[in-house]
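Note sheet for the following structure.
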């Protein structure tokens, strides 16, 4: 058991562009977030993670930052940000800002200087290289399709961008870059921010010399993931960041590293408190199981057993050192109930509650993405014009240009695209779901007429009510937040079952993640008290009359001693 505050916390992520629009321009803003803070307080969350609101040209919806110490006019002003901090703190909620420092926008003053000439003092703040045989310096591909290098005609060199060409990578080998980042982070903490979620932070140390990745026949550019993820100096850089930014403060801050491809063994190093790097990581193993490993827009179907084994392995692997962050979806992932649950009308309600029970019962810090607490679903995308995300738009264009199967590409985008998470928050049944009085930047899901916050907040049988109950239960039962974990039925393809122990109490979590009823008789748990269930009529104790779990039935039981 532990006293670390964030181990018992629940975090709520707001993607501000899609959360609430206060001025009718169709884009969510900080005033819109402020106007909805009572929703977060009622839900009971402890932390708000705010996706980027910094000044940006919006090539990647704000993850391309042109000024780290200002707010983009689309979202408001620094005064609005200060009001948000005050409003959250008044409600006992902390604010974690997104920190995007693997790269900046090409419109950031640092890059404008860097590209102005080869001898500019900031030239080495980014990764510039001479052409090789008249072409790019290596064969690395961008995560957003195409090469990871763009040629700059005036200076005759290429710059590296692992993402969009308007997102040049910073050179973290340069101590001046690191010092500038640390100064910016301290500026935000001094302003009242309570921590950072660090975007692709395990990409900041690239392989020495930026060598070619292994070639793939028929491709000019290939994935170089192993050459820029978890690089040779990344632990050194993060430890230095901790010393320069967080050491000596009061410890009431949260640092979360988004780390694509991070392994369990690496995560133990990153989150070991004795190493003082980050508090927890976002790992991606479980959200890559249902897609082709080379093409996320080629879904391969969900293997429920593989999913369970993955999450259980991380539970056991970080049991003695480090900490888990627990999530089903975020701004980069499809909607959880459509992906891991069952969004058929007959099963939507039960499955939304069931997958929430699975996640919030585990050891770690749960993250709730906006609308997840309502059971929001994927959008019924039918045409490429409905998509806004640069990743999906570029992918579709690449497939079409290559003469590929555009219909299959669109189907994959509809299932796996990031835009699923970015449709407007569904506040009520009005024309634009209460998100805006104007025309939203991306279409509202047509199911908002029945699936919305207004219909759920006062309903004790709603998805929202179930999330409130889970969050409250973690506070009331410390074993659920920080107690020991033990897996049961590890080879069962449908039943999720595990125990949590601590504080003189034993808890049992069982979820039937399928439509067919399942029988489970754990006689040593007979007499256990039902703490929370998701279906009406579940018996108050677990005994011979309560051994059949209906489709998408989820329960948490308790025994003392």
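So which pairs qualify, if the first residue must be in the range 230-251 and farther than 19 Å from residue 267 by Cβ, the second must be in a helix (DSSP H, G or I), the Cβ gap must be under 6 Å, and the two must be at least 6 apart or on different chains?
If the second residue must be in a helix (DSSP H, G or I), the pairs left are 244/182; 245/182; 245/185; 245/186.
On the given criteria, is residue 390 touching a residue at least 40 places away in the same chain (Cβ under 8 Å) and surrounded by fewer than 22 Cβ atoms within 10 Å (Cβ to Cβ)?
Yes, satisfied.
Quick one: in the range 418-442, which of the residues that are in contact with a helix residue (DSSP H, G or I) (Cβ under 6 Å, 6 or more places away or on another chain) and surrounded by fewer than 19 Cβ atoms within 10 Å (Cβ to Cβ) is farthest from residue 480 (Cα to Cα)?
The qualifying residue farthest from residue 480 (Cα to Cα) is 429.
One line per residue, one yes/no per condition, for (1) at pLDDT 95 or above; (2) in contact with a strand residue (DSSP E or B) (Cβ under 9 Å, 6 or more places away or on another chain); (3) surrounded by 19 or more Cβ atoms within 10 Å (Cβ to Cβ):
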| site | (1), (2), (3) |
| --- | --- |
| 27 | yes, no, yes |
| 30 | yes, yes, yes |
| 33 | yes, yes, yes |
| 65 | yes, yes, yes |
| 83 | yes, no, no |
| 90 | yes, no, no |
| 94 | yes, yes, yes |
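Which condition from (1) part of a helix (DSSP H, G or I); (2) surrounded by 16 or more Cβ atoms within 10 Å (Cβ to Cβ) is the one that residue 48 breaks?
Tallying (1) part of a helix (DSSP H, G or I); (2) surrounded by 16 or more Cβ atoms within 10 Å (Cβ to Cβ), residue 48 fails exactly one: (1).
Would you check if residue 56 is closer than 23 Å to residue 393 by Cα and under 22 Å from the mean Cα position of the chain (by Cα)? Walk me through how you get there before you give the answer.
Working: closer than 23 Å to residue 393 by Cα: yes; under 22 Å from the mean Cα position of the chain (by Cα): yes.
Against the criterion (closer than 23 Å to residue 393 by Cα and under 22 Å from the mean Cα position of the chain (by Cα)), residue 56 qualifies.
Could you list, ordered by first residue, the pairs with Cβ atoms under 8 Å in which the first is in the range 7-31 and without any contact (Cβ under 8 Å) to a residue 12 or more places away in the chain and the second is in a loop (DSSP other than H, G, I, E, B), at least 6 apart or interchain?
Listed pairs, sorted by first residue: 23/29.
Residues that are closer than 19 Å to residue 240 by Cβ: list the strands (runs of 3 or more DSSP E) wholly contained in the range 107-204 that include at least 2 such residues.
In the range 107-204, the matching strands (runs of 3 or more DSSP E) lie at 195-198.
Restricting attention to the range 537-561, which residues are closer than 15 Å to residue 526 by Cβ, assigned to a loop (DSSP other than H, G, I, E, B) and in contact (Cβ under 8 Å) with a residue 40 or more places away in the chain?
561 - this is the single residue of the range 537-561 that is closer than 15 Å to residue 526 by Cβ, assigned to a loop (DSSP other than H, G, I, E, B) and in contact (Cβ under 8 Å) with a residue 40 or more places away in the chain.
Those residues that are in contact with a helix residue (DSSP H, G or I) (Cβ under 7 Å, 6 or more places away or on another chain) and free of Cβ contacts under 8 Å to residues at least 40 places away in the same chain, I need them from the range 284-301; list them, please.
285, 286, 289
The values are calculated or read from the model by the stated rules, or taken from the named source; none is laboratory data. It should be emphasised that the depicted structure is a prediction, and the values quoted were computed from it without experimental measurement. Please note: Cβ atoms are built from the backbone with ideal geometry, for glycine as well, and neighbour counts cover all protein chains shown.
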